[in-house]
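Contents: one structure, followed by commentary.
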Amino acid sequence: MNIILTPLLSYVLVYKYLAIFIITFLGAFALPLPSGSMLLAASAFAVQGYLNFWLVFAVGLAGNLAGDNAGYWLVRLYGLRVLNKIGLGSFFRKERLDAARQKLHDHPILTIFSSRFFTAIAPAVNVASGMTRLSYSRYLIFESLGELTEVTFFCLAGYLFGNNWEYFQKLSGWILVLVVASMFLSYFILRMFSKKT
């Protein structure tokens, strides 16, 4: 088991839904925490009667959404000053911001939605969205759909696999990539056929 995941799960067993919210919030906001694996395990704990599945799902979704939005608004309101104060300003040079702005403008679904499934990328996309002043309504739609899909995937997998969640967790990264790739492939095929008709 992941050495970061083990202490997180002990917090979940002791502090329950508060721990789930804090972990998912921090993971979405900036820290590379395995919040998806934690939701997988928490849902398995729900099958065993330690937690309520629907509360795990709701609190996990709320934590992810709150963390994403905190990152977006913090940077949109205060910009580079905040990033410089916490030592991250050098990662967002003008060239990178211009590239991010272009990607977000051209492919908001692809950039925002798909980044929800990759812990290391999602906070950076939130920051780039805020810094480039991407329309909040546009950001919120794709960010919410992405988080809903990701949280549903991990919670449902934990619920279905129950005691075997650790085995599934080892494969979940590859399975998630295949699921997301299949969704995008389906989207592009439907779009291609709709243009021909």
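Tabulated results
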read-out: Hey, Ala58 surrounded by fewer than 23 Cβ atoms within 10 Å (Cβ to Cβ), among the small types (Gly, Ala, Ser) and without any contact (Cβ under 8 Å) to a residue 12 or more places away in the chain or not; value: yes
read-out: Of residues in the range 23-73 being out of contact with any Lys or Arg (no Cβ under 9 Å at 6 or more places or on another chain) and hydroxyl-bearing (Ser, Thr, Tyr), the one farthest from Ala120 (Cα to Cα); value: Ser43
read-out: Criterion violated by Leu31 - all others in (1) outside any helix (DSSP H, G or I); (2) modelled with pLDDT under 90; (3) surrounded by fewer than 14 Cβ atoms within 10 Å (Cβ to Cβ); (4) of a type outside the set (Asp, Glu) satisfied; value: (3)
read-out: Among (1) farther than 22 Å from Leu55 by Cα; (2) loosely packed, with under 14 Cβ neighbours inside 10 Å; (3) modelled with pLDDT of 85 or more, the one test that Leu171 misses; value: (3)
read-out: In the range 124-139, the residues that are surrounded by fewer than 16 Cβ atoms within 10 Å (Cβ to Cβ) and modelled with pLDDT of 90 or more; value: Tyr136, Ser137
read-out: Residues of the range 119-133 satisfying the condition of being over 10 Å from the mean Cα position of the chain (by Cα) and not in a helix (DSSP H, G or I); value: Thr132, Arg133
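Yes/no per residue for (1) part of a loop (DSSP other than H, G, I, E, B); (2) under 16 Å from the mean Cα position of the chain (by Cα):
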{"residue": "Gly27", "(1), (2)": "no, yes"}
{"residue": "Gly36", "(1), (2)": "no, yes"}
{"residue": "Phe45", "(1), (2)": "no, no"}
{"residue": "Gly49", "(1), (2)": "yes, no"}
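To keep it simple, each residue is scored yes or no on (1) surrounded by fewer than 22 Cβ atoms within 10 Å (Cβ to Cβ); (2) in a loop (DSSP other than H, G, I, E, B); (3) at pLDDT 90 or above.
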{"residue": "Arg81", "(1), (2), (3)": "yes, no, no"}
{"residue": "Arg96", "(1), (2), (3)": "yes, no, no"}
{"residue": "Phe117", "(1), (2), (3)": "yes, yes, no"}
{"residue": "Ile141", "(1), (2), (3)": "yes, no, yes"}
{"residue": "Leu145", "(1), (2), (3)": "yes, no, yes"}
{"residue": "Cys155", "(1), (2), (3)": "no, no, yes"}
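The values are calculated or read from the model by the stated rules, or taken from the named source; none is laboratory data. Since the model is a prediction, treat every value here as computed from it, not as a measurement. As a convention, Cβ positions derive from the backbone with ideal geometry for all residues, glycine included, and neighbour counts pool all protein chains shown.
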